[in-house]
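Q: Dropping the structure in here first, questions after.
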Amino acid sequence: MTISSSLSALPFSVASSRSSSLAIGRPSTQRCHRRRPFTIATPFAHSAASDSSSDMDGCAASSLYPLHRSKTLHLVRHAQGIHNVEGEKDFKAYLSPELFDAHLTPLGWNQVDNLRKHVNACGLAKKIELVITSPLLRTMQTAVGVFGGESYVDGVNALPLMVENAGNSNHSAISSLNCPPFIAVENCREHLGVHPCDKRRNISEYKLLFPGLDFSLIENDEDILWEADIREANEAVAARGVKFINWLWTRKEKEIAIVTHSGFLYHTLQMFGNDCHPSIKNEISKHFANCELRSMVLVDRSMQGADTSVSNYPGKNPQGLDLPSDVAHEKHPEKKGVC
């Protein structure tokens, strides 16, 4: 498994309703970590002594990265599904075929409405350039409900993101106007296998329910990944998650919302933040509540991305002499100290 990116927490969590500032990883002061691409750093052991000595031994408590080598990810766990309710009553309920491709509950749709109000009130809705969703009913309902357009009106020259009453939702159709594109991706699905709630329908069925979603990245109409007698291991979910995170560098978008699942988020995010203070590590990877949103900064440590900066400016226009004084001293050592 290879990790070529790092995540820092920038969360504004609807579940906790507390504001947080940018959290930046702090390397250990015993030695400066020189993280190589495709490696996982060991966890940082924080102590009071490390705070006082950090400036003395050359290890900074903050990190700087070029803006164009980063992305902002807005991670969302789906709203409450029928499987969450039944599974909390009895864990064995997760094995019930009646929970196949679980849809949202009425309370789940209320959670969606509240998160939608939040992302619009804080201005986030206008910043997001792409919405990625797991191709399961509950995640797609959450994604279009939070980040989609207003109620769909017949006669509008645009496909609806979701048709009326999709997946027993008792919800009106949702428009694709004035919102970012939506794309379904298999690699951000929940644990595969055994639990019917985590098995998807045929893509041809979803296309009828969610006409405005892009399913072009999913190769097979049928769900060939889910197996009735084999539950995907936590380690396999984490590896799949890291692969998904690294794939994001192939996308040109800089602000991306990702609507996915509790298990996928937890095991994927456990792979990140090991070079941070333990409290930041926990802030990144702790379990998500239903319809919780956390924002993270994704940093490209190995130059996987090919984006160039849109804001950097080369200067020296027009051309002119601009030798800095410290460089001049190196070029003319005999004149050091001479004004």
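Q: Check each of the GluC sites (Glu not before Pro) in the range 131-233 and keep only those in coil by DSSP with at most 12 other C-beta atoms within 10 angstrom; list them in order.
A: Qualifying residues, ordered by number: E150, E219, E222.
Q: Further question: Just the number, please: carbon plus sulfur as a percent of the accessible area of the range 109-239, 1.4 Å probe, no ligands or DNA/RNA counted.
A: Carbon with sulfur: 47 percent of the solvent-accessible area.
Q: Order Y65, Y266, Y94, most accessible first, counting only protein heavy atoms with a 1.4 angstrom probe.
A: Y65, Y266, Y94
Q: Right, here's the next one. Which whole-number value in Å² is the accessible area per residue of the range 181-281, probe 1.4 Å?
A: 40 Å²
Q: Taking H placed 1.01 Å from N in the peptide plane, check which residues at least 5 places from L293 or on another chain put their amide H under 5 Å from its amide H.
A: V14, A15
Q: Let me spell out the model: positive unit charges on the Cβ of Lys and Arg, negative unit charges on the Cβ of Asp and Glu, origin at the Cα centre of the range 269-323. What dipole size does that give, in debye rounded to 20?
A: 100 debye
Q: Could you check how much of the accessible area of the range 242-339 is carbon and sulfur, as a whole percent, using a 1.4 Å probe?
A: The nonpolar share, carbon plus sulfur, comes to 56 percent.
The values are calculated or read from the model by the stated rules, or taken from the named source; none is laboratory data. Quick caveat, the model's predicted, so the values are computed rather than measured. Heads up, the Cβs are rebuilt from the backbone with ideal geometry, glycines too, and the neighbour counts pull from every protein chain shown. Side chains included, ligands, DNA and RNA excluded: accessible areas come from the protein's heavy atoms. Shrake-Rupley method; radii C 1.70, N 1.55, O 1.52, S 1.80 Å.
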